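Engineer: After the structure tokens below, expect a handful of questions from me.
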């Protein structure tokens, strides 16, 4: 019969939930919503604008041409459909580089507006998969009492400033502010494996694991650090240095507790579906709004596994990120006249 250490094995699952998404200058107006966010993702994608001479709006219908910049050229997508703005007349107001806009009525009151790239997805003109986010940096911010948020950290972040200084003019930098929305222990009892430890030792192990993981501070500190490191090891962003090639490692302070508790696996989940963000990188080429990362810490005989062992990686939400257009120029959005 196969053997394992304990009759009851545990995996720690942590969920990084995308709470806010936008450009840095836009997120400055959302400080209240960012207060629980201690993780951040820096990403980039081609700039999206509207051709200034393409916009038409009457009392029922609209049409415009979205432009995706690729170096010094543009790929275009014509969008047309009905709107629910009410009675016009309406006027489209935008200025160079035509990446922000507002729609005003006859009295000059704004009835709609925002960032073109966000509105195009949020209003259903194109799918999130049409504007995938290349992950280039992941980080966390946490003060001594947990008072420092990702927003606070990014206001004076040296790496972020370097990213801006080195960024190509045809690419826009985007920020995803994430919070730890869930943390739980998944237990596994497999009767086909014979436990090496006694039933009494198993009971002590179960009590020790639950006690430590439920302690004040574990979710707000160690779990946040585990989520950060797990995502870095998974995406391997170009501007990150730590954790890319040596995770998990018992020498890492934040995960040493998991080794001490003899947890079998650490699982990190990234959820970007509610901010319409599909993430990818050179090491994870398939964009998805949901990513799973599973890292084994021990084998069934209690041996510590080497750093960098990733046994499972899954990209979900295929309905959002796989079955829709890959780019604005490839096929029409859901509100296009041809559909």
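Engineer: Among the residues that make up region 101-119, is at least one of them under 24 Å from the mean Cα position of the chain (by Cα), touching a residue at least 24 places away in the same chain (Cβ under 8 Å) and within 20 Å of residue 288 (Cα to Cα)?
Structural biologist: So far as region 101-119 goes, yes, one or more of its residues are under 24 Å from the mean Cα position of the chain (by Cα), touching a residue at least 24 places away in the same chain (Cβ under 8 Å) and within 20 Å of residue 288 (Cα to Cα).
Engineer: Looking at (1) within 30 Å of residue 198 (Cα to Cα); (2) buried (at least 18 other Cβ atoms within 10 Å of the Cβ); (3) over 19 Å from the mean Cα position of the chain (by Cα), which is the only condition residue 2 fails?
Structural biologist: (2) is the only condition that residue 2 fails.
Engineer: Can you pull out every residue in region 230-254 that is within 19 Å of the chain's Cα centre (by Cα), buried (at least 17 other Cβ atoms within 10 Å of the Cβ) and either free of Cβ contacts under 8 Å to residues at least 24 places away in the same chain or assigned to a loop (DSSP other than H, G, I, E, B) (or both)?
Structural biologist: Matches in region 230-254: 236, 237, 240, 243, 244.
Engineer: Yes or no: residue 227 modelled with pLDDT of 85 or more and either under 30 Å from residue 281 (Cα atoms) or assigned to a loop (DSSP other than H, G, I, E, B) (or both)?
Structural biologist: Yes: the conditions hold for residue 227.
Engineer: Which of (1) surrounded by 15 or more Cβ atoms within 10 Å (Cβ to Cβ); (2) free of Cβ contacts under 8 Å to residues at least 12 places away in the same chain is the odd one out, the single condition residue 56 does not satisfy?
Structural biologist: Checking residue 56 against (1) surrounded by 15 or more Cβ atoms within 10 Å (Cβ to Cβ); (2) free of Cβ contacts under 8 Å to residues at least 12 places away in the same chain, the one that fails is (1).
Engineer: Out of region 157-181, which residues are assigned to a strand (DSSP E or B) and either more than 18 Å from residue 141 (Cα to Cα) or over 34 Å from the mean Cα position of the chain (by Cα) (or both)?
Structural biologist: Within region 157-181, the first condition is being assigned to a strand (DSSP E or B), and the residues that meet it are 171-181.
Correct list: 171, 172, 173.
Engineer: Only residues in region 86-99 that are on the phi < 0 side of the Ramachandran plot and free of Cβ contacts under 8 Å to residues at least 60 places away in the same chain count as the first member; pair them with residues that are in a loop (DSSP other than H, G, I, E, B) and exposed (fewer than 13 other Cβ atoms within 10 Å of the Cβ), Cβ under 7 angstrom, at least 6 apart or cross-chain, and list the lot.
Structural biologist: Cβ pairs passing all conditions: 87/59; 88/58; 88/59; 89/106.
Engineer: Does region 180-197 contain any residue that is within 29 Å of residue 70 (Cα to Cα), in contact with a helix residue (DSSP H, G or I) (Cβ under 9 Å, 6 or more places away or on another chain) and modelled with pLDDT of 85 or more?
Structural biologist: The answer is no, given that none of the residues of region 180-197 is within 29 Å of residue 70 (Cα to Cα), in contact with a helix residue (DSSP H, G or I) (Cβ under 9 Å, 6 or more places away or on another chain) and modelled with pLDDT of 85 or more.
Engineer: Within region 199-214, is even one residue part of a strand (DSSP E or B), in contact with a strand residue (DSSP E or B) (Cβ under 9 Å, 6 or more places away or on another chain) and touching a residue at least 12 places away in the same chain (Cβ under 8 Å)?
Structural biologist: no
Each row is one residue, and each column tells you yes or no for (1) on the phi > 0 side of the Ramachandran plot; (2) in a loop (DSSP other than H, G, I, E, B); (3) modelled with pLDDT under 95; (4) out of contact with any strand residue (DSSP E or B) (no Cβ under 6 Å at 6 or more places or on another chain).
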{"site": "3", "(1), (2), (3), (4)": "no, no, yes, no"}
{"site": "7", "(1), (2), (3), (4)": "no, yes, yes, no"}
{"site": "11", "(1), (2), (3), (4)": "no, no, yes, no"}
{"site": "15", "(1), (2), (3), (4)": "no, no, no, no"}
{"site": "26", "(1), (2), (3), (4)": "no, no, yes, yes"}
{"site": "29", "(1), (2), (3), (4)": "no, yes, yes, yes"}
{"site": "32", "(1), (2), (3), (4)": "no, yes, yes, yes"}
{"site": "41", "(1), (2), (3), (4)": "no, no, no, no"}
{"site": "49", "(1), (2), (3), (4)": "no, no, no, no"}
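The values are calculated or read from the model by the stated rules, or taken from the named source; none is laboratory data. Since the structure is predicted, the reported quantities are computational estimates derived from the model, not experimental observations. We place every Cβ from the backbone using ideal geometry, glycine too, and count neighbours over all the protein chains shown.
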